[in-house]
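Below is one structure, written out as structure tokens; the observations come after it.
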Amino acid sequence: MNLTLKVWRQKNAATPGRFQTYPARNLSPDMSFLEMLDVVNEDLITRGEEPIAFDSDCREGICGMCSIVINGIPHGGHHGTAACQLHLRHFQDGDTLTLEPWRAKAFPLIKDLIVNRTALDRIIQAGGFVSVSTGGTPDANALPVPKDIADRAMDAAACIGCGACVAVCKNASAMLFVAAKVSHLNLLPQGKAEKDRRVLNLVKQMDMEGFGGCTVTGSCEAVCPKEISLSFIARMNRDYGAAIIKS
Amino acid sequence: MPLNAQIPSGPLAQKWEQYKFDLKLINPANKRKFDLLVVGSGLAGASAAAALAELGYRVKCFCFQDSPRRAHSISAQGGINAAKNYANDGDSVYRLFYDTLKGGDFRAREANVYRLAQVSGAIIDQCVAQGVPFAREYGGLLANRSFGGAQVSRTFYARGQTGQQLLLGAYQALCRQIGLGTVKMFPRTEMLDLVVVDGHAQGIVVRDLVTGQISSHAGDAVVLATGGYSNVFFLSTNAKGCNVTAIWRAYKKGAFFANPCYTQIHPTCIPVSGEHQSKLTLMSESLRNDGRVWVPLNKADRAKPPAAIPETDRDYFLERKYPSYGNLAPRDISSRAAKEACDAGRGVGPGGLGVYLDFADAIQRLGQPIIRDRYGNLFDMYEKITGENASQAPMRIYPAVHYTMGGTWVDYNLMSTLPGLFVIGEANFSDHGANRLGASALMQGLADGYFVLPYTLGHYLATAKRPRPATSRAEFKQAEADTRAFIQRLLTIKGKRTPTSLHRELGRLLWEKCGMARNETGLREALRRIPELRAEFWQNVNVPGESGDLNQSLEYAGRVADFMEFAELLCHDALHRRESCGGHFREEFQTPDGEARRDDQNFAYVAAWEYQGLEKPPVLHKEPLQYEEISMSTRSYA
Ligand SMILES: Cc1cc2nc3c(=O)[nH]c(=O)nc-3n(C[C@H](O)[C@H](O)[C@H](O)COP(=O)(O)OP(=O)(O)OC[C@H]3O[C@@H](n4cnc5c(N)ncnc54)[C@H](O)[C@@H]3O)c2cc1C
């Protein structure tokens, strides 16, 4: 099959970017989306041009590195699928696709389809952990955790930190990302001791990083490759409210 | 001269406790005077960086991804072993130790493996305290499952995302320290050389992958936690960025490289679908708890839909050949059995390079919901890649390169032959011998980082008592100049071939000549071809772009250049080891029924290679494997 790609090219943050059109020919429907980009890049290198810069690593939908807006939707809009897991069998021969980077104030562009997402790391550094040092912890089975609670915490912990939720949001809000971390840790008995300061610190850092506010449109849940539920945002809001009252 | 592994004296079970007591300590107030460089932020690197910073050291941590949370450890699926005996099925430290040593085909160091088993329980305690959401039973206690090479259930897991959850635990511990200012993190930064001052590893040269800037960092010690080298084969289950660069460049600076030929081929991966393939995807070994592996009994049935092949015409070859372990036979053995079936013309799917992994019985026995709960995300991943639903038709799987047991030689302290250079996690060679058992890499990475290195590194600092060099010293300037020259050389060739095409060619050669089965003729052929291919690389590679910019082709070309050199050492080691053991199967050395024939008389040693320059063969140093507690026996899973 053949596709036409309209790709955002931008040398660096200081240089203006623009769309450039590339043909992608002789593709197999069994290829992954990124393998298709590999083929296009091989061709560009051979012709002496600079290949399209894009992030990827595990190519199994778990590292959260890949970050491409495909036809206006982060990761391309296939239910629970990161761009690296998308396969060409979902497209039609002859389709034209637009490829853009995550666009958000808190994610400055680095090059082409690559942005800087360290704001998400700084949010975790502000309190997205349990303050235990190594060693001296109680036996793992000392504290039973009901299965439904552990499962729910796992649902939230499954977040891969890709930032698609931010990229799709009209306010570029990181609420789903933050809510997932707060919920993961606040749900578990091990995380309860720091429940209040965690939610306050994470939300504060999120605001400082320049992410926008949440108006609960639900677009974040719709594009999340791990299908993190919007209900975690409501959960976090309850934790936040309770913490504010106490503080 | 035989290598001294610094194994403490005393009875096996007491070595580590006694040794920890004997180690020299650094007073808490003095720890903050030491700068430690940790390269890598996977399970090993993140846990080490966090644990060292918690103790009070000043740590700098480096990774090439945009965040430490994205290290390749994130993609580990199945689980982590620990001798907790929560299942009450007879597990113990001794049993985990024995299974791991036997799984490694008696080619690992006994004292290290025992220590690994000893600290395994504390890892689970630590992770639970960090909030790792392991799977639980309805009573609220932790759930376990079985992995290959074990007859007990000792594997802890978080759905099919155990690596992700363990790494997030370590990452969060690391983030806590970054927030406290005790760790400075350098993401999108690649180490390109090791700096040795007066025989001690005391610094690194790095490239900022965004600006292209080359700079140096000096430290009181250097820790490499840079993962495995499976990608030398081009196609593997590893993340695209995994590479050998850090440990290869350390090797060229004097750190011996041990057992490079011990590479692991994982039996359950999704088969290659075409030329364009960029990597292979693992289907976790945990699937073999409930999936049954089979091929048609008759060649003629190969192309039939699986449902049309009656029970009597199926060969459940693992259950047939290894009745007591069945589908949970270890990886090396299961992979070879699959290859044997395909070589005999009974493989299924395109090119006959596949075997079935069938869940029909388990679904009938336990019902869809239980199977979904256990493996839901793996079934989804399979469907995304192949477009097929594994609850309706069996999966098709084939072996693929997955893990590398070899790595930098380290002693009991996890220190290499270069004083001050510590190597942890998959990057070292230490605990898995010639074959790693499932769910034990995560265990080893975290054991090294949380519970071993923090002790042994302190001892080194307390005894070496060396001043930290300034990065203005000649050794640093020279290493920086060499790095710049290397990059410039890559950029000026502007030949006709892409780095990918050369890497793919190298990978294919290795897979054919030094893959699942090896023989003298093939290895000699590979050793002839690799230098030719390397020459072709240096004459004809085309690396576009500039050095002062984000340049992914340049990053990649540098890694391929190292693979081109390393591949030779890999084949060299494989040729020298005239026996079959674990993942190293030499066709000349097999029993009449096709099992590996080990040669304990002549090869019960670790092969540690010393670099002599590219044009000269490396020098072999042997670390004899002397077992105090157990005797080497023939591995049997029948
Ligand atoms: C698909 C898959 C599934 C697996 N499942 C399991 C499992 O269920 N159980 C199990 O026990 N094991 C499993 N393994 C094996 C296990 O995941 C790895 O062995 C382990 O995670 C390696 O951890 P590590 O910390 O040593 O290295 P990695 O996680 O590979 O981390 C390497 C780090 O080094 C950095 N780095 C590398 N080179 C440089 C450089 N030159 N400069 C700067 N930084 C550098 C990287 O950025 C990264 O941070 C699996 C492996 C794969 C491929």
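Quick look at the numbers
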item: Which of A:THR98, A:THR15, A:ILE52, positive extreme of dipole for the stretch A:3-110 (C-beta unit charges); result: A:THR15
item: Selection from B:ALA535, B:ILE363, B:GLN590, by position along the positive dipole direction of the protein assembly as shown (Cβ); result: B:ALA535
item: Within the stretch A:64-184: Cβ-based charge dipole about Cα centre, in debye rounded to nearest 20 (Lys, Arg +1; Asp, Glu -1); result: 360 debye
item: Coarse-grained scattering of the stretch B:474-590 at q = 0.12, 0.13 Å⁻¹, given as base-10 log I(q)/I(0) from a Debye sum over alpha-carbon atoms; result: -0.52, -0.59
item: Table column - 3J(HN,Hα) (Hz), the stretch B:524-536, Karplus curve with 6.51, -1.76, 1.60, x for Gly and Pro; result: 5, 4, 4, 5, 7, 6, 4, x, 5, 5, 5, 4, 4
item: Stokes-Einstein D in µm²/s, Kirkwood radius over Cα pairs - the stretch B:175-268 at 10 °C with 1.306 mPa s viscosity; result: 103 µm²/s
item: Exercise: per-residue mean of other protein chain Cβ atoms within 10 Å, A:72-82; result: 1
item: By average C-beta atoms within 10 angstrom, highest first, the peptides B:5-11, B:102-108, B:428-434; result: B:428-434, B:102-108, B:5-11
item: Cα-Cα separations in the stretch B:268-401 greater than 17 Å, expressed as whole percent; result: 56 percent
item: Computed helical MRE - 222 nm, chain B, DSSP H runs ≥ 4 contributing -39500 (n - 2.57), nearest 500; result: -11500 deg cm²/dmol
item: Rounded to 10°, Cα long-axis angle of helix B:12-22 versus longest principal axis of chain B; result: 20 degrees
item: Cα-based shape type of the stretch A:90-247, given that a ≥ b ≥ c are square roots of the gyration tensor eigenvalues and the cut on a/c is 1.5; result: prolate
item: Shape call, the protein assembly as shown: gyration tensor on alpha carbons, a/c limit 1.5; result: rounded
item: Cβ-based charge dipole, the protein assembly as shown, positive-most Cα from B:PHE451, A:ASN237, B:TYR375; result: A:ASN237
item: Qualifying trypsin sites (Lys or Arg not before Pro) for the stretch B:553-638 [loop in DSSP, other Cβ within 10 Å: at most 13]; result: B:ARG578
item: 32 Å Cα-Cα threshold exceeded, pairs from B:LYS384/B:LYS494; A:LYS111/B:LYS253; B:LYS15/B:LYS102; B:LYS60/B:LYS252; result: B:LYS384/B:LYS494; A:LYS111/B:LYS253
item: Shielding of A:44-51 by partner chains, average beta-carbon count, 10 Å; result: 5
item: Estimated dipole of the stretch A:76-129 in Debye, rounded to 20 [Cβ of Lys and Arg +1, of Asp and Glu -1, Cα centre]; result: 280 debye
item: Estimated dipole of chain B in Debye, rounded to 20 [Cβ of Lys and Arg +1, of Asp and Glu -1, Cα centre]; result: 980 debye
item: Sequence-distant aspartates and glutamates (8 or more away, or on other chains) whose Cα lies within less than 17 Å of A:LYS105; result: A:ASP121, A:ASP207, A:GLU209
item: In degrees, nearest ten, helix B:499-514 long axis to first principal axis of chain B (Cα); result: 60 degrees
item: Relative packing of peptides B:30-38, A:157-165, B:143-151 - highest average C-beta neighbours within 10 Å first; result: A:157-165, B:143-151, B:30-38
item: Crossing angle, helix B:93-103 versus chain B [Cα axis fit, 0-90 degrees, rounded to tens]; result: 80 degrees
item: Neighbouring partner chain Cβ atoms per residue of A:110-122, average, 10 Å criterion; result: 4
item: Protection-proxy order for peptides B:216-222, B:607-613, B:39-45, A:137-143, each taking the mean of Cβ atoms within 10 Å per residue, highest first; result: B:39-45, B:216-222, B:607-613, A:137-143
item: Extent along principal axes [Cα atoms of chain B; Å; largest to smallest]; result: 74, 60, 48
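Every read-out reported here was derived from the displayed coordinates using simple, explicitly stated rules and does not represent laboratory data. All of these numbers come straight from a predicted model, not from anything done at the bench. Please note: Cβ atoms are built from the backbone with ideal geometry, for glycine as well, and neighbour counts cover all protein chains shown.
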